[in-house]
Each structure stands twice: as C-alpha cells, then as structure tokens.
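Here's the structure we're looking at; comments come further down.
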Amino acid sequence: MSQGYLSRVDLNAAWMRRVFNLWPPFRAAGIRVAHIDPGFRRVTVELRAGLLNRNFVGSHFGGSMFAMADPFYMIMMMKNLGRDYVVWDKSASIRFLKPGRGTLTARFELTQAMVDEAVARTAGGSRHEPTYRVEITDGRGLPVAAVEKTLYIRRADSH
C-alpha cells in the first residue's frame, strides 16, 4: 500500500525541511518549517503574518493555523516506525483560544513512549489510533490555538 511519494523516498530531516519550505501550500500560507530533529522526534513550525494569511479582523486565518499543524505527527511517527507500519492522519480538530497575531509557533514532540505504545498496541495486528495535541503559541509564548491529531497506525503485514 502506497502512502505517497514522500513516504517512498527516504529523505533525511534536513532535506524534508527544505521540501516543506518549498511546498506551495505552505509557502502561500506563510508557513515555514524552522527545524526538524534528525531523528524526527522534534519539529518546529512557524506561521508568519502577511497580507495573504490574515482574516477579516487582521488576525491569522484559521485555515493557515490548522495547516501548520497538519502532517507532522503522522510523518514523525512514520519515520520512527519505519516501512513495516502504515500510518495515516485519521482526524483532526482545532480550538481557537484567542486571535493569533505576529509570528506563531507550533512545537511537535514525539517521545519514545509514544513510539513504544504504537509498537505494543499493533503487535497482534490491531490498529492503534492515538490522539496527540500541539499548542500554537504567539511571540510571547502564549497559546492561541490547540490542535488535536488522531493517527491511524497498524503493522503493514496485517489487514
């Protein structure tokens, strides 16, 4: 089962960051991947304010905030579990806490415990659907939104 072109290409973290920063949907939205840890355990994403990503009242467009949190937990888990696993984004939600202005930041972290849990829960062929949360913060470090991502994980050899 194919998960797309990038999942079939073994890009290291530096190349993956470059690809994301050239990807038209991110560029157009003002999204920049500032850092990807070589082990794909930590990712930092920024959303800069611009004319094209402001809403009617001058704060960040909610769709841009949602987009900045979209693929990262899935990709981090894929890179840590390897080709023996199928990993997909299953669902997502965002809760806006206050208007986002200036440069916003989302910091993703995938712990060893999260990876170990996925391996343990899928060992018998079951699927695992964990939900992970990331906060989007403003320049002062205050949360402006919270995004929850639910992944679908199973061993590739189980159907």
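Observations, loosely collected:
- Of the candidates ALA118, ALA106, ALA146, the single residue that is at pLDDT 95 or above, more than 21 Å from GLY39 (Cβ to Cβ) and outside any loop (DSSP other than H, G, I, E, B) is ALA146.
- Looking only at the stretch 68-98, and only at residues there that are aliphatic (A, V, I, L, M) and part of a helix (DSSP H, G or I), the one that is surrounded by the most Cβ atoms within 10 Å (Cβ to Cβ): MET76
- Residues considered: ILE136, ILE153. Of these, the only one that is over 14 Å from the mean Cα position of the chain (by Cα), assigned to a strand (DSSP E or B), surrounded by 15 or more Cβ atoms within 10 Å (Cβ to Cβ) and not basic (Lys, Arg) is ILE153.
- Odd one out for ALA34, checked against (1) in contact with a Ser or Thr (Cβ under 6 Å, 6 or more places away or on another chain); (2) among the aliphatic types (A, V, I, L, M); (3) farther than 23 Å from VAL144 by Cβ: (3)
- Residue that is surrounded by 14 or more Cβ atoms within 10 Å (Cβ to Cβ), touching a residue at least 40 places away in the same chain (Cβ under 8 Å) and basic (Lys, Arg), where the choices are ARG121, ARG101: ARG101
- Qualifying residue in the stretch 51-64 (condition: touching an Asp or Glu at 6+ places or on another chain (Cβ under 7 Å) and buried (at least 20 other Cβ atoms within 10 Å of the Cβ)): no
The values are calculated or read from the model by the stated rules, or taken from the named source; none is laboratory data. These numbers come from a predicted model, not from an experiment. Using ideal geometry, Cβ is built from the backbone for each residue, glycine included, and neighbour counts are taken over all protein chains shown.
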